[in-house]
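A short write-up of the structure that comes next.
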């Protein structure tokens with residue numbers, strides 16, 4: 001139903017009682033397969049460098065603003081620099097089985113007045129990619145944003161040419177919203193940016209799907225998934 005103002009102009013849905021959302025506190029978030037810890041160079045940098053050393057090449061850094069890094073000293077300096085910021089607000093992903101960091105991700109472009117925040121700087125090592133922990137890390141941050149902080153909109157943006165990132169966004173339940181042309185310059189090249197979002201109205205259904213997918217019952221004896229996220233959403 002369209003809302004009209006006294007001039008008979010269509011306007012957005014009223015939000016009586018809306019107040020600015022809180023800034024995200026930089027606190028740990030715990031799950032079954034992983035936990036998120038505030039990124040700390042002294043605690044995480046060397047182990048992250050080791051985790052990324054398992055990669056066959058440097059392709060994980062292609063669409064990142066920085067990297068790859070020639071040695072552990074350069075990587076330590078990078079982790080120290082990004083860990084000191086509060087937007088982006090960086091987290092280390094800790095594998096619950098090994099208690100070691102295996103990747104990072106961040107909340108960024110945090111806009112409390114509008115209840116909007118973006119997840120970004122997702123950098124997962126081969127030890128985290130394609131594991132239940134990688135999905136749970138995303139779920140923990142989404143749940144924190146929607147349920148603990150009460151935000152209305154959760155965004156995902158990436159280079160429009162980054163096919164794996166676009167596929168991941170859609171697998172996680174983000175809806176594609178379009179391409180912003182020539183939105184960014186990084187590493188000496190132009191970037192068209194693909195935009196995706198989840199809004200608070202989407203969250204209850206997505207939460208149920210994530211919880212069903214992450215259940216131990218959804219994995220066989222070899223760790224293979226019995227049902228995909230997409231199949232569960234369709235069901």
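Every number here is computed from the coordinates shown, using simple stated rules; none is lab data. Just so it is clear, the model here is predicted, and its values are computed rather than measured. When we count neighbours, we look across all protein chains shown, and the Cβ atoms used for this are built from the backbone with ideal geometry, even at glycine.
When restricted to residues that are within 14 Å of the chain's Cα centre (by Cα) and either over 14 Å from residue 196 (Cα atoms) or surrounded by fewer than 20 Cβ atoms within 10 Å (Cβ to Cβ) (or both), region 143-163 contains 5. One residue stands out among those in region 144-154 that are outside any loop (DSSP other than H, G, I, E, B) and out of contact with any strand residue (DSSP E or B) (no Cβ under 8 Å at 6 or more places or on another chain): the one that is farthest from residue 207 (Cα to Cα), which is 148. Selection of region 68-99 for residues being in a strand (DSSP E or B), in contact with a helix residue (DSSP H, G or I) (Cβ under 8 Å, 6 or more places away or on another chain) and in contact (Cβ under 8 Å) with a residue 60 or more places away in the chain yields 91, 95.
Has region 43-58 got any residue that is closer than 20 Å to residue 149 by Cα, touching a residue at least 60 places away in the same chain (Cβ under 8 Å) and either out of contact with any strand residue (DSSP E or B) (no Cβ under 7 Å at 6 or more places or on another chain) or assigned to a strand (DSSP E or B) (or both)? Within region 43-58, not a single residue is closer than 20 Å to residue 149 by Cα, touching a residue at least 60 places away in the same chain (Cβ under 8 Å) and either out of contact with any strand residue (DSSP E or B) (no Cβ under 7 Å at 6 or more places or on another chain) or assigned to a strand (DSSP E or B) (or both). Total residues in region 166-178 satisfying the condition of being touching a residue at least 24 places away in the same chain (Cβ under 8 Å) and surrounded by fewer than 19 Cβ atoms within 10 Å (Cβ to Cβ): the figure is 4.
Take residue 204 and tell me if it is under 19 Å from the mean Cα position of the chain (by Cα), loosely packed, with under 15 Cβ neighbours inside 10 Å and under 26 Å from residue 34 (Cβ atoms). Taking the combined requirement at face value, the residue satisfies it.
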